[in-house]
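Take a look at the structure below.
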Amino acid sequence: MRGPADRLLVKVAGLDRVRVAAVVVTALLATTAGLLLPGALAAAVDAVVAGRPSAREVSWLLLVGGAEIAADVVGGILTTRLTATASAWLRRTLSDKLFALGTRSRFAEGDAISRLTGDCTGAGGIVPIVVQCGSMLIISSGAIVLLALLDWRLALVFMGSIPFALLLARSHLRRTADDVLTYQQVSGEIAARMVDAVAGLRTIAASGTADREAERVLRPLPKLTLAGQGLWRTQARMVWRAGLLTPAVELSVLAAAGFGVLDGRLSVGDVMATLGYVALALGLVTQIPLLTTLSRARGCAERLVEVLDEPLPVPGKLPLLPGDGTVELRHVGVKGALADVDLRIDGGTYLAVVGRSGSGKSALAGVVGGLLTPDEGQVVLDGRPLEHLRPEELRAVVGYAFERPVLLGTTVADAVGYGSWAGESAIRGACRTAQVDEVVVRLPQGYRTPLTETPLSGGEAQRLGLARAIVHKPRVLIFDDATASLDTVTEAAVERALAEALPGRTRVVVTHRAGTAARADLVVWLDDGRIRAIAPHAALWRKPGYRGVFTEDGE
Ligand SMILES: Nc1ncnc2c1ncn2[C@@H]1O[C@H](COP(=O)(O)OP(=O)(O)OP(=O)(O)O)[C@@H](O)[C@H]1O
């Protein structure tokens, strides 16, 4: 065993030992029948040539042939099931890891999708590939032994080809390994670009840049072509070299068999058997492309290991302490976004976060609820550092809503209750608070309307996102520009309903609107990742720089 990719493949192979054993048994059966077939054929031919055809030889031939076919069919069904089970397990493991990495993931969406699809299937097929390689080895060596039993001279002549076959296999494998990996990597890159393009379809249509976009998506294509051509060239080289070697070996062994017939050591049937054994033994050469499949499975496993080996922070183990949702940020820093942020948000405070675009508001919203782990400093919720808290408890007491919420689930009710196990009445209550119940009940199937059949405006989607954030009645609510698409009247109505439905909750609201900041108890004014001031809006409004955040007044 050489590395983590091999260890993963071994683990995959051990997932369903019973079925793996069944695959090995059927492969052995097929292999044995395959090895017996030339002998059975020879016996039948000899009996016919001798003019004494008997039912025994014919029945034996039929039995061996039938057993090989049956073992192949059963083996085919078993290996398909095995590959499907292994691929499903890999997909589940990989998606669990990608979800656990969450916002820390360095894998672009399309790249992650290509690993979840192609690479999981590639690595999931490892058992059939190894079994096939094993069968090929057994058949080849078995055929050489049977040749030797017929006449040791035949085996000796055949073995003269083995060094050439090994050289062929080595050079094939060496040449394909790099190309296979490059091919998989570039496919992932193209998939990533394609996913971006699909996400930006409206922008592309509006800018009339379809051609340029197609060019951008396909830019890595030459690399893919090179890798693909490399694989084909190696394959072609293998085919013509094998094409030279195979008949040369067949002719040499047949010539040796011919001398055997002349000397009276071999019968006509033996010559037929020789032909059969040579064909089986030459599997060593003709099945060399199997090594490409094996190398591809290893390449796939390597790409999966890249994701699975990504370090995850150790999850906290402590329970949440009772509290009112007080959050403290102590010397918090996020590289490139926030520097030395010291802030105490008392439980029940409505805090607005304002600042120019890029000043670090979303980063601050991210660290307050543990969505973003700071590079420096600490965030403490009700006396307990976030990193010590059990993740599920943290998620249960913090509710996030975003400017562009992605609604997940099948129906509207699923989307609102997502991750909270909320019942129907809680979902409806949250939607009323978020001022979206009227919109939902007008849909063809109300809360059961599939999301795919629910065309939503930006403001409606935002209100469903707000409902999702509050449905589990969290201690701390974090709205990152989550009402930006609402008109100011609806926004104020949401705020009033929220204060009534969830009184005393800590609220951290990122906003670009002076009116929203004015309704907050306190405003944090961010400038270039640092806190410039903390005070009520009315007090800050006297400063021209603060007014400049909302208006065109300069400092
Ligand atoms: N997770 C992160 N890690 C490191 N840097 C980040 C992270 N998130 C954002 N940044 C960077 O921090 C800076 C502030 O980004 P942020 O999204 O917090 O700004 P913002 O004030 O919310 O802007 P806007 O009002 O335009 O939404 C940006 O330069 C951004 O690239």
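Bear in mind these aren't lab numbers, they're just calculated from the coordinates by the rules spelled out. All values reported here derive from a predicted model rather than from experimental measurement. So basically every Cβ, Gly included, is an ideal-geometry build from the backbone, and we count neighbours across all protein chains shown.
Structural remarks
- Given R0 = 41 Å, the distance between the Cβ atoms of K97 and E500 translates into a calculated FRET efficiency of 0.45.
- Centroid-to-centroid, using Cα positions, the stretch 117-177 and the stretch 219-234 are 27 Å apart.
- Ordering of 253-259, 441-447, 517-523 by packing [mean C-beta count within 10 Å, highest first]: 517-523, 253-259, 441-447
- Taking each residue as 0.36 nm, the span from R330 to M159 lengthens on full extension beyond its C-alpha to C-alpha distance by 54.0 nm.
- Above-threshold pairs, the threshold being 27 Å between Cα atoms, out of K317/K473; K11/K317; K361/K473: K11/K317
- Charge tally for E424 (other residues, Cβ to Cβ under 15 Å; Lys, Arg +1; Asp, Glu -1): +2.
- Within the shell of other residues whose beta carbon sits under 12 angstrom from the beta carbon of T410, the net charge comes to -1, with Lys and Arg scored +1 and Asp and Glu -1.
- Cα convex hull of the stretch 163-310 - mean projected area over all directions, nm²: 13.1 nm²
- Over the stretch 327-550: Rg over Rh, Cα atoms, Kirkwood Rh: 0.97
- Sites W152 and L408, calculated FRET efficiency, Cβ-Cβ separation with R0 56 Å, nearest 0.05: 0.20
- For the stretch 150-235, the Kirkwood hydrodynamic radius from C-alpha pairs, put into Stokes-Einstein at 37 °C and a viscosity of 0.692 mPa s, yields a diffusion coefficient of 201 µm² per second.
- Cα long-axis angle, helix 55-101 against the chain (0 to 90 degrees, to the nearest 10): 20 degrees
- Altogether, the Stokes-Einstein calculation at 10 °C and 1.306 mPa s, with the Kirkwood radius of the chain over Cα pairs as Rh, returns a diffusion coefficient of 54 µm²/s.
- Degrees, to the nearest 10: 17-49 long Cα axis against longest axis of the chain: 20 degrees
- Note on A396 and K317: the model spin-label points, each 7 Å out from Cα along the C-beta direction, lie 1.9 nm apart.
- With Cα atoms, 0 to 90° folded angle of helix 424-433 axis to the chain main axis: 50 degrees
- The Stokes-Einstein estimate for the stretch 4-308, based on a Kirkwood radius over Cα pairs and taken at 37 °C with 0.692 mPa s viscosity, is a diffusion coefficient of 147 µm²/s.
- Trypsin sites (Lys or Arg not before Pro) lying in DSSP loop within the stretch 129-210, provided at most 12 other Cβ fall within 10 Å: none
- Across the options T225, S425, P38, the greatest Cα extent toward the positive end of the charge dipole of the chain (unit charges at beta carbon of Lys, Arg, Asp, Glu) belongs to P38.
- In the chain, taking the dipole from charged Cβ atoms about the Cα centre, the farthest positive-side position among A538, G134, T326 is held by G134.
- Remark: E376, E302 ranked as E376, E302, counting other beta-carbon atoms within 10 Å and listing the fewest first.
- Estimated FRET transfer efficiency when R0 is 41 angstrom, pair K11-R202 (beta carbons, to 0.05): 0.40
- Sorted peptide list for 319-326, 37-44, 130-137, criterion being average Cβ within 10 angstrom, highest first: 37-44, 130-137, 319-326
- Per-residue Cβ neighbour rank within 10 angstrom, fewest leading, I478, I69, I129: I69, I129, I478
- Among H537, H331, H512, H472, sorting on how many other beta-carbon atoms sit within 10 Å of each Cβ, with the fewest leading, yields H331, H512, H472, H537.
- Label-point separation in nm, A533 to T209, each point 7 Å along Cα→Cβ: 3.9 nm
- Pair D521, I77: separation of 7 Å Cα→Cβ label points (nm): 6.9 nm
- Student exercise, the stretch 322-481 dipole from Lys, Arg, Asp, Glu Cβ charges, in Debye to nearest 20: 280 debye
- Label point of S357 set 7 angstrom out along Cα-Cβ; within the stretch 461-503, no amide nitrogen lies under 12 Å from it.
- Cα-based reach from K543 at 16 Å (exclusive), listing aspartates and glutamates while leaving out same-chain residues under 8 positions away: D527, E552, D553, E555
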